[in-house]
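The values are calculated or read from the model by the stated rules, or taken from the named source; none is laboratory data. No experiment lies behind these values; they were computed from the predicted model shown. Here the Cβ positions follow ideal geometry from the backbone for every residue, glycine too, while neighbour counts run over all protein chains shown.
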Amino acid sequence: MSSSVQRKRTRKDPAARRAEIVEAAAAVALAEGLECVTLRRIGEELAVRPGLISHYFPSAEDLVAEAFGSAATGELDGLLPAGRPEDGAARGLARFLARTSGEAYDAVSRLWINARHLSRYRPVLRDRVAEQEAAWRGRLEDLIRAGVADGEFRTGDPSVTAVQILVVLDGLGVHANTATPERPRAVARMAVTVAERELGLKEGALDPVTD
């Protein structure tokens, strides 16, 4: 939170200072929206002058794009870690789908809704959204390919299957900004159902697992 209390000024390594700025901006983006990511606001969060923020990000648009990229990457790493899961691709995919079907995922959904809307008018953000979409798609595709290689999954085109799953998740995430009654199980389970069908799995094969 911001504070009017003057803190002792500490000279930080440029890389560390930049990382601190991006971390603060990403936190604001997730909690309040990308519109709230301004040079002044992040300066208040870190108790520094806006001029220091502009030294690293001359354009607020660059900071907004960086904030989104950082937040989206952090969420991806938490939801679907890179690398082959030790307990197999099916369990890794089941964990990913479980993590993306609860209230905790709503903040991520809101961030993507926000970014895609603003990117219509902000070219720098538009490029970052496309970059993150490719990263999420690539991470999921890699997991599916690993499952195919290990004989856990069967699909003719892992890239298409990854897109199908993400499209369903995006569709369900559209309602993150509205108060809706609890979804019927068939609706809440749509991404799991699509994944099981497209990967040649029996119903229930991707049911939630405990971390």
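Considering the range 36-53 alone, what residues qualify as being more than 14 Å from Val124 (Cβ to Cβ) and not in a helix (DSSP H, G or I)?
Filtering the range 36-53 down to residues more than 14 Å from Val124 (Cβ to Cβ) leaves 36, 38-53.
Listed by number, the residues that qualify are Thr38, Ala47, Val48, Arg49.
Any residue at all in the range 163-170 that is among the charged types (D, E, K, R), part of a helix (DSSP H, G or I) and either modelled with pLDDT under 95 or surrounded by 15 or more Cβ atoms within 10 Å (Cβ to Cβ) (or both)? Break it down stepwise before answering.
Just the residues of the range 163-170 that are among the charged types (D, E, K, R), to begin with: 170.
Restricting the remaining residues to those that are part of a helix (DSSP H, G or I) gives 170.
Those still in the list that are either modelled with pLDDT under 95 or surrounded by 15 or more Cβ atoms within 10 Å (Cβ to Cβ) (or both) too: 170.
The answer is yes; a qualifying residue exists.
Suppose we keep only residues that are touching a Ser or Thr at 6+ places or on another chain (Cβ under 8 Å) and surrounded by fewer than 17 Cβ atoms within 10 Å (Cβ to Cβ) within the range 184-202. Which one would you say is nearest to Leu169 (Cα to Cα)?
Checked the range 184-202; the qualifying residue nearest to Leu169 (Cα to Cα) is Ala188.
Is it the case that the range 139-148 has a residue that's of a type in the set (Lys, Arg) and over 16 Å from the mean Cα position of the chain (by Cα)?
Looking only at the range 139-148, we keep the residues that are of a type in the set (Lys, Arg), and these are 139, 145.
Of the ones still in play, those that are also over 16 Å from the mean Cα position of the chain (by Cα) are 145.
Within the range 139-148 (the criterion being of a type in the set (Lys, Arg) and over 16 Å from the mean Cα position of the chain (by Cα)), the answer is yes, since at least one residue qualifies.
Filtering the range 54-74 down to residues that are part of a helix (DSSP H, G or I) and aromatic (Phe, Trp, Tyr), which residue is surrounded by the fewest Cβ atoms within 10 Å (Cβ to Cβ)? Outline the logic, then answer.
Just the residues of the range 54-74 that are part of a helix (DSSP H, G or I), to begin with: 54-56, 60-74.
The next check asks that each one be aromatic (Phe, Trp, Tyr); those that pass are 56, 68.
On the way: Tyr56: 17, Phe68: 28.
That would be Tyr56.
Whether any residue in the range 171-181 is crowded, with 18+ Cβ neighbours inside 10 Å and under 13 Å from the mean Cα position of the chain (by Cα) is what I want to check.
Looking for residues that are crowded, with 18+ Cβ neighbours inside 10 Å and under 13 Å from the mean Cα position of the chain (by Cα), one finds at least one in the range 171-181, hence yes.
Output the residues belonging to the range 80-89 that are at negative phi and either touching a strand residue (DSSP E or B) at 6+ places or on another chain (Cβ under 6 Å) or outside any helix (DSSP H, G or I) (or both).
Going through the range 80-89, the residues at negative phi turn out to be 80-82, 84-87, 89.
Matches in the range 80-89: Leu80, Pro81, Ala82, Arg84, Pro85, Glu86, Asp87.
Exactly one of these conditions fails for Gly33: (1) surrounded by 15 or more Cβ atoms within 10 Å (Cβ to Cβ); (2) more than 18 Å from Arg120 (Cβ to Cβ). Give me its number.
For Gly33, the exception is condition (2).
Looking at the structure I just gave you, is Asp77 outside any helix (DSSP H, G or I), of a type outside the set (Gly, Ala, Ser) and farther than 24 Å from Ile53 by Cα? First the steps, then the outcome.
Details: outside any helix (DSSP H, G or I): no; of a type outside the set (Gly, Ala, Ser): yes; farther than 24 Å from Ile53 by Cα: yes.
No, not satisfied.
Conditions first: (1) touching a residue at least 60 places away in the same chain (Cβ under 8 Å); (2) surrounded by fewer than 20 Cβ atoms within 10 Å (Cβ to Cβ); (3) part of a helix (DSSP H, G or I). Arg128 passes all but one, so which condition is the exception?
(2)
Taking only the range 33-58 into account, find how many residues are among the charged types (D, E, K, R) and under 18 Å from Ala115 (Cα atoms).
The total comes to 1.
Among what's in the range 90-117 and is among the polar types (S, T, N, Q) and either surrounded by fewer than 15 Cβ atoms within 10 Å (Cβ to Cβ) or assigned to a helix (DSSP H, G or I) (or both), pick the residue that is modelled with the highest pLDDT. I'd like the intermediate steps shown before the answer.
As a first pass, look at the range 90-117 and keep what is among the polar types (S, T, N, Q): 100-101, 109, 114.
Filter again for either surrounded by fewer than 15 Cβ atoms within 10 Å (Cβ to Cβ) or assigned to a helix (DSSP H, G or I) (or both), leaving 109, 114.
Details: Ser109: 88, Asn114: 94.
Looking at residues that are among the polar types (S, T, N, Q) and either surrounded by fewer than 15 Cβ atoms within 10 Å (Cβ to Cβ) or assigned to a helix (DSSP H, G or I) (or both), I get Asn114.
Give the residue that is farthest from Leu172 (Cα to Cα), with candidates limited to residues of the range 132-162 that are of a type in the set (Asp, Glu) and surrounded by 15 or more Cβ atoms within 10 Å (Cβ to Cβ).
If we filter the range 132-162 for residues that are of a type in the set (Asp, Glu), which is where we start, we get 133, 141-142, 150, 152, 157.
If we keep only those that are surrounded by 15 or more Cβ atoms within 10 Å (Cβ to Cβ) as well, we get 133, 141-142, 152.
On the way: Glu133: 17, Glu141: 20, Asp142: 23, Glu152: 26 Å.
Selected residue: Glu152.
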